[in-house]
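Notes to accompany the following structure.
The values are calculated or read from the model by the stated rules, or taken from the named source; none is laboratory data. Just so it is clear, the model here is predicted, and its values are computed rather than measured. For neighbour counting, all protein chains shown are included, and Cβ atoms are generated from backbone atoms with ideal geometry for every residue, glycine included.
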Amino acid sequence: MLNNKLKFPLFLLLFSAFLFSCGGDAKKSANSNNAPVVKKGVAPVADKEIAVIETDFGTIKMELYSNIAPKMVEQFKQLAKEGVYNGTIFHRVNDSVIQGGDPFSKDSNPANDGMGKSDKPNVEAEFSDIPYDTGIVGAARSTDFNSANAQFFITLKRQPVFDNKYTIFGKVIEGMTTAQIIAGAPREVERPSESIRIKSISIQPK
C-alpha cells in the first residue's frame, strides 16, 4: 500500500495523463456546435424543379435553392421522391410559421410529433444571409446547428430572429393562401386541433 506522501503526487500524475488522453476529443466536442460560417452576398437561384405539396387545405408550390443549400435540397428531394413526407402532418402552427415533415407524425402518438427524423444522416448547417421574409422555407433543427434532417417550416411573415440561424433552402411561389389557412386552423397551443396532413410532396419540372 502507498504511503500518504506518495498518494497525492501519483494522483496528480494519473489525472494529468487522463486529461491529456482526452484532450483531443474534449476539444472537438466543445467546438462541435460552433456557429457555422454564413454564406453572404449570394443571390438565390431557383432549381429547374419545384416541390409541390398537396395538403388537406390546398396546394403549396415552392422553388428550391441548390446554390444556397445543396445538401439540404438534395436531402429534401430524396425524401420527397421516397414518399417519406406523405401522410405527415403540420404539427406546429402559429402566427409566424407552419412546420411539418416529421416522419414520427405518421403514428398515433401525438407526444412524439416534432421529435423525429428520417433514416438519412443529419445535414450540416448551410446558413446564408438571405432574410427570412414571408414564404421562406427553412430547415428545422434542434439546438445543434448541424441537426437538420427532414422537418421544414414556412414563414408567414418577416422573421428577423431566424436570420443567419436556420438553413434556407427554398421559397413558396404559389399557395401562401393555403399556408395562411393552415395557420388559422383551430389549435391547442401550437398543434392544430384536427390533424392537417401533407398528402404528398412531389418534385416536378417548373
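Data table
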{"item": "Options I173, I203, I182; residue that is touching a Phe, Trp or Tyr at 6+ places or on another chain (Cβ under 8 Å) and in contact (Cβ under 8 Å) with a residue 40 or more places away in the chain", "result": "I182"}
{"item": "Whichever residue in the stretch 31-60 is assigned to a strand (DSSP E or B) and not hydrophobic (A, V, I, L, M, F, W, C) and, among such residues, is nearest to I196 (Cα to Cα)", "result": "T55"}
{"item": "Test: G101 is in contact with a Pro (Cβ under 6 Å, 6 or more places away or on another chain) and not aliphatic (A, V, I, L, M)", "result": "no"}
{"item": "Any hit, the stretch 42-54, residues being within 22 Å of Q159 (Cα to Cα), surrounded by fewer than 14 Cβ atoms within 10 Å (Cβ to Cβ) and out of contact with any Phe, Trp or Tyr (no Cβ under 8 Å at 6 or more places or on another chain)", "result": "yes"}
{"item": "Of the criteria (1) without any contact (Cβ under 8 Å) to a residue 60 or more places away in the chain; (2) over 29 Å from V38 (Cα atoms); (3) basic (K, R), which one R191 fails", "result": "(1)"}
{"item": "Candidates I173, I154, filtered to the one that is in contact with a strand residue (DSSP E or B) (Cβ under 9 Å, 6 or more places away or on another chain) and within 25 Å of F104 (Cβ to Cβ)", "result": "I154"}
{"item": "Test set (1) loosely packed, with under 15 Cβ neighbours inside 10 Å; (2) in a helix (DSSP H, G or I) - T178 fails condition number", "result": "(1)"}
{"item": "Which listed residue, of V84, V93, is modelled with pLDDT of 90 or more and over 21 Å from I181 (Cβ atoms)", "result": "V84"}
{"item": "Verdict on A111 being at pLDDT 95 or above and either closer than 18 Å to A80 by Cβ or over 10 Å from the mean Cα position of the chain (by Cα) (or both)", "result": "no"}
{"item": "Pair list, Cβ < 9 Å and 6+ apart or interchain, from the stretch 119-134 residues that are without any contact (Cβ under 8 Å) to a residue 60 or more places away in the chain to residues that are among the small types (G, A, S) and part of a loop (DSSP other than H, G, I, E, B)", "result": "K120/A150; N122/S147; V123/A69; V123/S147"}
{"item": "Filter result for I203 (in a strand (DSSP E or B) and surrounded by fewer than 22 Cβ atoms within 10 Å (Cβ to Cβ))", "result": "yes"}
{"item": "Count of residues meeting criterion [of a type in the set (S, T, N, Q), touching a strand residue (DSSP E or B) at 6+ places or on another chain (Cβ under 9 Å) and more than 23 Å from R187 (Cα to Cα)] in the stretch 97-141", "result": "2"}
